[in-house]
Amino acid sequence: TPDAHVERDPRLIRLTGIHPLNCEAPLTALYNQGFLTNEDLHFVRNHGHVPDCLDEDILDWTFTIEGMVERPFTLTVRDLIGKYEQATYPVTLVCAGNRRKEQNMVRKSKGFSWGPAGLSTALWTGVPISDLLSQAKPIRGARYVCFEGADKLPNGYYGTSIKLNWCMSPDRGVMVAHKMNGCTLHKDHGKPVRIIIPGQIGGRSVKWLKRIIVTKEPSDNWYHIYDNRVLPTMITPEASANLPDVWKDEKYAIYDLNVNSATCYPQHDEMLSLDTHAKTYKVRGYAYGGGGRRITRVEVTLDKGRTWRLANIDYPEDAYRNAPDGDTLYGGRMDVWWRETCFCWCFWELDIQISELENSADICIRAMDEGLMTQPRDMYWSVLGMMNNPWFRVAIHKED
Ligand code: MTE
């Protein structure tokens, strides 16, 4: 198969057949691994073939910084590693299709069915893109930064763009990464270099990076326009093909992740063995905010939203933020100690009396971020099935 080089955790669930590789971990396996995900269990979202030029010496791989800049230049991976200060920090990547399966169950969207494990966290090492762009000096009128990968797809190379001000702000942590959890990037994750954009949907973090182009307008790449959008809900898969102007309307492009969460225990189809000796069951899962915003509460209801209780939140990312000044990790400067923005998921848990569980039909949860954005009760269905974030509901099954 084209993906024969992939040595991956056999528990990974393939979502689109053999090729291209699109997979997520079983939710409990992901949760059990804790804050950081091993690369062999990290979710993969590939639109097509992994480029087949990756067996050459990766240090000779080049990418350009071009477009509306005073000093365009070409960089080798060797220079990226050797000539710039390196940074290392954890980032949770989330596919905009995370939890799409729930949308597809209501009405089929134009995307395959991700469960709630379309996300993973790794320690990324690389060079802040603000350092590279400062060297290139964007000129007046420049507003966007386009990224293009080396994977040739039916509609051209994969590419997209984000705003220049995000890239220029070191606080945002946009990085040209060459290491993941201390190792050279895995082929599926963009070897030898990729973009990492904390707080934004994974689709903007272009892999197998070949070009960084500073522009006046957003990217006109096919994948920027026809992917990673939330179109108005009345637009159906059938109608959408004839609506190029709607697709091209940049206001429907999605950048920041939205606030979201999932329950990992109990699982959807788990039979709760309500052991009479234990008085409580620990309901637990994950949550994340978007755009660098921190999750400030996770609430749990057993009565469909009439009453809520607060779960305890654990933010392992804080340990990195509180690392001593100058600490290094995997050879990279730890670069989060001064940062207020949140780049990662967090975990929540709540002990619930077994007797209460026995009397309820389901558990629903919702998270809220520091901007008081919360998860809606109802789903916002859209044609690409993206950014699905209503209350996460798990039905309670009881053994007889
Ligand atoms: N970059 C390229 N060149 N080609 C791709 O298919 N997929 C994007 C993004 N970058 C993609 C890409 C999408 S939709 C996501 S969610 C992330 O990569 C997934 O990154 P991962 O496979 O390393 O988890």
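The values are calculated or read from the model by the stated rules, or taken from the named source; none is laboratory data. In this text, all values refer to a predicted model and were calculated from it rather than measured experimentally. For neighbour counting, all protein chains shown are included, and Cβ atoms are generated from backbone atoms with ideal geometry for every residue, glycine included.
Numbers below:
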{"quantity": "From L36, L80, residue being within 16 Å of the ligand (Cβ to nearest atom) and surrounded by 15 or more Cβ atoms within 10 Å (Cβ to Cβ)", "calculated": "L36"}
{"quantity": "Selection from region 86-102 of residues that are modelled with pLDDT of 95 or more and either in a strand (DSSP E or B) or more than 16 Å from the ligand (Cβ to nearest atom) (or both)", "calculated": "V91, T92, L93, V94, E102"}
{"quantity": "Some residue of region 151-161 being within 12 Å of the ligand (Cβ to nearest atom) and basic (K, R)", "calculated": "yes"}
{"quantity": "Pair list, Cβ < 6 Å and 6+ apart or interchain, from region 309-320 residues that are closer than 23 Å to D351 by Cβ to residues that are aromatic (F, W, Y) and part of a loop (DSSP other than H, G, I, E, B)", "calculated": "P316/F35"}
{"quantity": "Region 122-148, subset part of a strand (DSSP E or B), within 16 Å of the ligand (Cβ to nearest atom) and not aromatic (F, W, Y), residue surrounded by the fewest Cβ atoms within 10 Å (Cβ to Cβ)", "calculated": "L123"}
{"quantity": "Positions within region 175-207 being part of a loop (DSSP other than H, G, I, E, B), surrounded by fewer than 21 Cβ atoms within 10 Å (Cβ to Cβ) and away from the ligand (no atom under 13 Å from the Cβ), in sequence order", "calculated": "G182"}
{"quantity": "Criterion violated by L75 - all others in (1) aliphatic (A, V, I, L, M); (2) under 15 Å from the mean Cα position of the chain (by Cα); (3) within 28 Å of T215 (Cα to Cα) satisfied", "calculated": "(2)"}
{"quantity": "Residue among K216, K210 that alone is more than 14 Å from the ligand (Cβ to nearest atom) and of a type in the set (D, E, K, R)", "calculated": "K216"}
{"quantity": "Output for region 149-161, where each listed residue is part of a strand (DSSP E or B), surrounded by fewer than 24 Cβ atoms within 10 Å (Cβ to Cβ) and either out of contact with any helix residue (DSSP H, G or I) (no Cβ under 7 Å at 6 or more places or on another chain) or among the hydrophobic types (A, V, I, L, M, F, W, C) (or both)", "calculated": "A150, D151, K152, L153, Y157"}
{"quantity": "Residue among T374, T328, T341 that is touching a strand residue (DSSP E or B) at 6+ places or on another chain (Cβ under 8 Å), hydroxyl-bearing (S, T, Y) and at pLDDT below 95", "calculated": "T328"}
